[in-house]
Each structure stands twice: as C-alpha cells, then as structure tokens.
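Bear in mind these aren't lab numbers, they're just calculated from the coordinates by the rules spelled out. Quick caveat, the model's predicted, so the values are computed rather than measured. Note: ideal-geometry Cβ built from the backbone for every residue, glycine included; neighbour counts use all protein chains shown.
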Amino acid sequence: MLFLRSEEHLERWLDANGWEPGASMSAATLNELARRWWRSRLEPDWRPRTAAESQAILDQVGLSGDFWRLT
Amino acid sequence: MGIRNEVYSSFIATGTAPGADDVAGALGLDENAVAVAFRRLHDAHALVLRPGTTEIRMLNPFSAVPTPHRVEAAGRSWYANCAWDALGIPSALHTDGAVRSDCPDCGEQLELEVLDGELVRGAELLVHFVVPARRWWDDVAFT
C-alpha cells in the first residue's frame, strides 16, 4: 500500500489504474497500526503471531469489518 | 544467535540482505542447512524470498530491493516494502525516524516523521489498501 497526498489524488490514481476502491486510512492511523504490528519484530525470541493475535491488533486501531478479516 | 536474528542484524548493519553462505559463515553452520531455514522462515511469513531462490527480497518491514519508500532512522537508511512497513521500521527499531515516499498520482515527494512513536509530520496523508486483508499474502508485494 502507498501514501497519497489527499482523497482527490487517491480517486485519480484509482481511476487511472482501473481499480475499485479498497480501504483508506490516515497516515496517523497507519502509524498506530505500525507501532503495534512491528514493535516486537526484532526481539530475539520473536515468533509469528497467530491470525487471532494479528486480528486483535487490527481491532485495536478500529480496523474492523469484512475488508480487515484475515481469515 | 539464531539464523533469523543473524539475518536481521546483518541487514540492519549493512543495508544488504545476507546470503545463506554469509549466514552460514557467521554462525559456523552448513550452508544447505541455512538455506533450508530460509525457506522455513519464508513459509512462516517471517521473510520473503525471491521465487525459486534463497535470496531474500523482503525482511519485513525492511525491503532488500529499492522501493519508493525510504526510511532514515538511528543514523542509517533502508528501503521499506510499503507505507505500512515504512512506519514499521522506526517501530521495530524503537527509535525516531523519517520517511520519504512519492504520491503515485502526482509524483510529489511526501515526507513523514515519527517522534517518540507519534507521527508528527505527514499525519494528514492518506494510505490506501487495494487488497482485502485475507488476500494480502496472495501477492505480498501488492496490497
């Protein structure tokens, strides 16, 4: 996924590529997600999360609904 | 040190993904055993290999190949795989960071800055996910 300047830029970009809109969020929300999602990645005892654990992180930042279901 | 930790340590220090031979040499292991471990880590989504090889393409949130997302943190810089990973690098390193990317519509440079975990610059920018979450790993390079 990419950063875009604004909603207007997003709409033009989707039209230019013939893509249906997916889901958008502010970069601020993505940062909240990134903080939770990646903060343990470099810990020596890191293990892949279960789908339920990852889903819980999406839920914590308000990303709920069918688009955000991992399974 | 485990193979995964050695791969990350090497990549963070050099900006270049180590090969199985490099990791084998650093840890005193057999190269074939390290290659098998790379494939196991790939299958566990702990890293991403180029198809049909043991060359590392993604060491999430870092990218082993150039992308539009450049991240500076802790006096170094790396490429990230996507917007999410770009903001993930300061998080993973537990440090402040600056992200430079490009708007795919107008081509203008976009700048973001993370300070003490907060996005203090670029917070108004948008991020768009084209692909629903359950299909992210169908093609993890396109989400």
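List of remarks:
- Per-residue ³J(HN,Hα) for the stretch B:30-47, Karplus 6.51 cos²θ - 1.76 cosθ + 1.60, θ = phi - 60°, Hz, x for Gly and Pro: 6, 4, 5, 5, 5, 4, 4, 5, 4, 5, 5, 5, 4, 5, 8, 6, 8, 7
- Most mobile listed residue (A:Ala34, A:Ala52, A:Ala16) in chain A, GNM with C-alpha springs under 10 Å: A:Ala16
- Fewest-first sequence of B:Ile12, B:Ile3 by Cβ atoms within 10 Å of each Cβ: B:Ile12, B:Ile3
- Counting only alpha carbon atoms, the long axis of helix B:3-14 and the longest principal axis of chain B meet at about 50°.
- Distant-in-sequence amide contacts of B:Gly15, defined by a placed amide H-H separation under 5 Å and a gap of 5 or more residues or a different chain, comprise nothing.
- Vicinal HN-Hα couplings computed from phi for the stretch B:118-123 (Karplus, 6.51 cos²θ - 1.76 cosθ + 1.60; Hz; Gly/Pro x): 9, 7, 9, 9, x, 5
- Helical runs (DSSP H, four residues minimum) scored at -39500 (n - 2.57) apiece and divided by the length of chain B put the mean residue ellipticity at 222 nm at -9500 deg cm²/dmol.
- Percentage relative contact order, chain B, counting C-alpha pairs under 8 Å, at least six apart: 12 percent
- Between the stretch A:15-71 and the stretch B:36-84, the alpha-carbon center distance in angstrom: 17 Å
- Dividing the helix sum by the residues of chain A, where each DSSP H run of 4 or more adds -39500 (n - 2.57), gives a mean residue ellipticity at 222 nm of -14000 deg cm²/dmol.
- Once the mean of 1/r is taken over each pair of separate Cα atoms and inverted, chain B shows a Kirkwood hydrodynamic radius of 16.1 Å.
- Amide H partners (placed H, <5 Å) of B:Ala64, local residues excluded: B:Met58, B:Leu59
- Summarising the amide proton neighbourhood of A:Phe3: residues at separation of 5 or more, or on other chains, whose placed amide H is nearer than 5 Å comprise B:Ala83.
- For the stretch A:5-71, the fraction of alpha-carbon pairs in successive 10 Å shells from zero, as %: 17, 39, 31, 13, 1
- Given +1 at the Cβ of Lys and Arg, -1 at the Cβ of Asp and Glu and no other charges, the dipole of the protein assembly as shown around its Cα centre is 500 debye to the nearest 20.
- Placing unit charges on each Cβ (+1 for Lys and Arg, -1 for Asp and Glu) gives chain B a dipole about its Cα centre, and among B:Phe38, B:Val130, B:Pro68 the Cα reaching farthest toward its positive end belongs to B:Phe38.
- For chain A, averaging the sequence separation of C-alpha pairs within contact (under 8 Å, six or more residues apart) and dividing by the residue count gives a relative contact order of 28 percent.
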